Every structure is written in C-alpha cells, then in structure tokens.
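Just below is one structure, and these are the notes that go with it.
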C-alpha cells in the first residue's frame with residue numbers, strides 16, 4: 001500500500017515535555033488498513049498497518065491494536081477496512097495502540113467499505129463520495145434520519161429508536177438493492193407509544209411472512225437456541241396454526257342457530273335444507289386457521 005493516500009496525521013498537539021522539540025507536531029491519531037482480525041483470545045485485538053510507521057514491518061510482525069469500545073458493544077472491522085488508531089505514547093508507537101472503527105463513509109456501505117472509498121467523506125479522501133441515499137426516492141425509509149438513534153447491522157438489519165417508537169428490522173431493503181425500501185415482506189417488531197392529547201396508547205406490532213409464538217413447555221417441543229433454517233421449517237410445519245377469532249365466532253354462531261332453529265318435517269327425516277342449514281354447509285373451516293402464525 002502506497003503512502004500517498006493518507007495525511008501524515010489526523011490530529012496534532014504540542015509536545016508535552018521539554019525533551020521534545022515543540023516546533024514539531026506530535027502524531028497521535030492515524031488512519032490504517034486492517035490486515036488481520038485473528039485473535040486467539042477473542043479480545044477484539046486486530047492488526048492494522050499504518051503507512052507512516054509500519055512500512056518496513058511484515059504483516060505477521062505488526063503490533064496489536066486494542067479496541068476502544070467496551071465489550072458491551074460487539075463490533076469487529078473487516079480485513080481491508082479502515083480504522084482510526086490512537087497511539088497512547090508517541091515515543092513508543094509500536095505499543096499501546098487502540099483502534100476505533102470501522103470507518104464507513106456512508107450508510108449505504110455498512111456491509112463493507114474498502115480503503116479508498118472509506119475516506120471519501122474525510123479531508124484525506126482521494127475519491128468523491130457516492131450520491132447521498134436521500135437523493136433516491138425509493139430509498140426513503142431504508143436508513144435512519146438525522147433525528148433517529150440507530151444501530152445498523154452489516155447487511156439489511158437495524159434497530160431504530162425514533163420519537164416514542166422503537167423498530168427492529170430484518171430485510172429492510174429489497175434483496176441486493178439497498179436503495180429501495182422493502183415494502184413486501186420485511187420482518188419487524190415495532191413498539192409505539194402514541195399520544196392523543198392527554199391520552200396514551202401503547203402498541204406492539206410484529207410482522208413477517210410467518211410468525212411463531214413458542215413456549216419451552218409447549219407441545220411439540222422445539223430447540224431453544226441456535227435455530228437454523230431447517231429448525232425454523234420444523235417449527236412452521238409442526239406447530240399448531242392460530243385461529244382467526246372473528247371467523248371462528250361467526251362459524252360458531254351459525255352452528256348454534258342451526259342446532260336451535262333446524263326443522264325436521266317429521267321423525268327420522270333430515271333437517272330442512274333451507275335457511276340456516278344451508279349456511280352451516282357453506283362454512284369453510286380452513287378459513288378459521290391462520291397457518292402462517294403458529295404456536296405449540
């Protein structure tokens with residue numbers, strides 16, 4: 001990787017003791033390319049190449065950079081992405097390095113933003129950023145607004161905290177087109193707390209092509225963790241369909257009237273086929289079932 005893609009330093013400060021020439025800037029924040037994220041401690045350590053400091057160091061000999069985020073926030077950069085590296089003591093730049101990132105130029109590139117485009121929205125960028133997603137009408141709703149607080153996944157997932165509303169989404173945009181809102185079949189959970197004057201109404205809306213409500217003590221029993229696609233298919237094929245309450249109530253009402261109102265011409269004759277008995281014969285009991293919402 002050449003050295004001409006990067007500014008020598010992002011932030012500078014005066015020397016902090018008399019032993020250093022105060023006319024020189026101290027370089028303490030660098031841009032670097034992630035070379036490896038393999039760490040047998042799973043402690044979040046990564047290896048980052050800083051062109052200014054590591055030009056003569058082999059990849060395997062690069063020093064560790066330690067995560068600045070606490071472990072409550074789980075995030076690794078991808079190899080080839082850019083991170084910011086903070087040098088704790090500039091007199092010893094090969095130790096006590098701390099990384100923060102990944103550096104992602106725009107919301108449309110959370111899946112992966114490689115070296116040169118990652119810096120496109122900074123003062124050291126050498127390529128122009130892409131057109132903003134807000135310039136595409138079909139992308140409206142895919143990404144959080146400036147007023148939102150959000151957590152974005154690498155691909156097609158997010159959690160958005162809006163005013164009195166939380167939404168968790170998977171499949172928020174059309175498959176393979178992150179500039180078009182998925183209006184057909186996103187999976188989402190939306191929690192809302194609406195105000196009308198002094199009246200408050202809370203609501204929870206769960207949406208998806210299929211929905212399962214599973215109890216660990218229900219029958220049949222299903223796996224309690226690490227469900228893969230095959231496990232989910234088993235849930236929906238063996239789970240019990242929910243019923244449409246209003247359709248069921250209507251069918252039960254017809255059955256009640258048929259029992260009470262049916263007429264036999266005389267003993268051993270079938271009931272009169274007119275009226276309520278005809279309505280009873282027309283009931284399609286399959287319509288009572290909602291087969292895409294299952295329980296156990």
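We did not get these values from a lab; they are worked out from the coordinates using the rules stated. Not measured: the values here are computed from a predicted model. Cβ atoms come from the backbone with ideal geometry, glycine included; neighbour counts cover every protein chain shown.
If you average 1/r across every pair of different Cα atoms in the range 58-117 and take the reciprocal, what Kirkwood value do you get, in Å?
Values: mean 1/r = 0.0778 Å⁻¹.
So the Kirkwood estimate lands at 12.8 Å.
Using the count of nearby Cβ atoms within 10 Å as a rough guide to exposure, how do 256, 162 rank from fewest to most? Don't skip to the end; give the middle numbers.
On the way: 256 11, 162 15.
Lowest count first: 256, 162.
Compute the projected area of the convex hull of the Cα atoms of the range 85-130, averaged over all viewing directions, and report it in nm² to one decimal place. Can you show the working numbers first?
On the way: hull surface 16.0 nm².
Hull-based average projected area comes out at 4.0 nm².
Based on alpha-carbon atoms only, what is the radius of gyration of the range 11-118 relative to the globular estimate 2.2 N^0.38 Å? Write down the numbers at each step before the final one.
On the way: Rg = 14.7 Å, N = 108, 2.2 N^0.38 = 13.0 Å.
In units of the globular-protein estimate, the range 11-118 measures up at 1.13.
What is the spread of the Cα atoms of the range 78-180 along each of their three principal axes, largest first, in whole Å?
50, 32, 23
Taking the 0 to 90 degree range and rounding to the nearest ten, how far is the long axis of helix 229-238 tilted relative to the main principal axis of the chain, both from C-alpha atoms?
Tilt relative to the chain: about 10 degrees.
How many percent of Cα pairs in the range 218-296 exceed 22 Å?
Numbers: 1493 of 3081 pairs.
The share of Cα pairs beyond 22 Å in the range 218-296 comes to 48 percent.
Binning at 10 angstrom from zero up to the longest distance, how are the C-alpha pair distances of the range 140-230 distributed in percent?
14, 36, 31, 16, 3
Peptides 98-111, 81-94: what's the order by average Cβ count within 10 Å, highest mean first?
Details: 98-111: 18.8, 81-94: 17.3.
Result, highest mean Cβ count within 10 Å first: 98-111, 81-94.
Report the Cα centroid-to-centroid distance between the range 35-55 and the range 127-154 in angstrom, as an integer.
Each part reduced to its Cα centre gives a spacing of 30 Å.
Can you give the direction-averaged projected area of the convex hull of the alpha-carbon atoms in the chain, in nm²?
The Cα convex hull of the chain, projected and averaged over all directions, gives 27.8 nm².
Looking at the range 120-161, I'd like the Rg to Rh ratio, where Rg is from alpha-carbon atoms and Rh is Kirkwood's inverse mean 1/r. Before the final figure, lay out each step's value.
Working: Rg = 12.7 Å, Rh = 12.3 Å.
So for the range 120-161, dividing Rg by the Kirkwood Rh gives 1.03.
What is the order of 113, 246, fewest Cβ neighbours within 10 Å to most? Write out the running numbers ahead of the final one.
Details: 113 23, 246 9.
Fewest to most other Cβ atoms nearby, the residues stand as 246, 113.
Just to verify a number: FRET efficiency for residue 124 and residue 223, C-beta to C-beta distance, R0 = 35 Å, to 0.05?
0.10
Which percent, nearest 5, of DSSP beta bridges in the chain are antiparallel?
90 percent
Set the Förster distance to 51 Å, then compute FRET efficiency between residue 26 and residue 213 from the Cβ-Cβ distance, nearest 0.05.
Details: r = 59 Å, r/R0 = 1.15.
Computed FRET efficiency for residue 26 and residue 213: 0.30.
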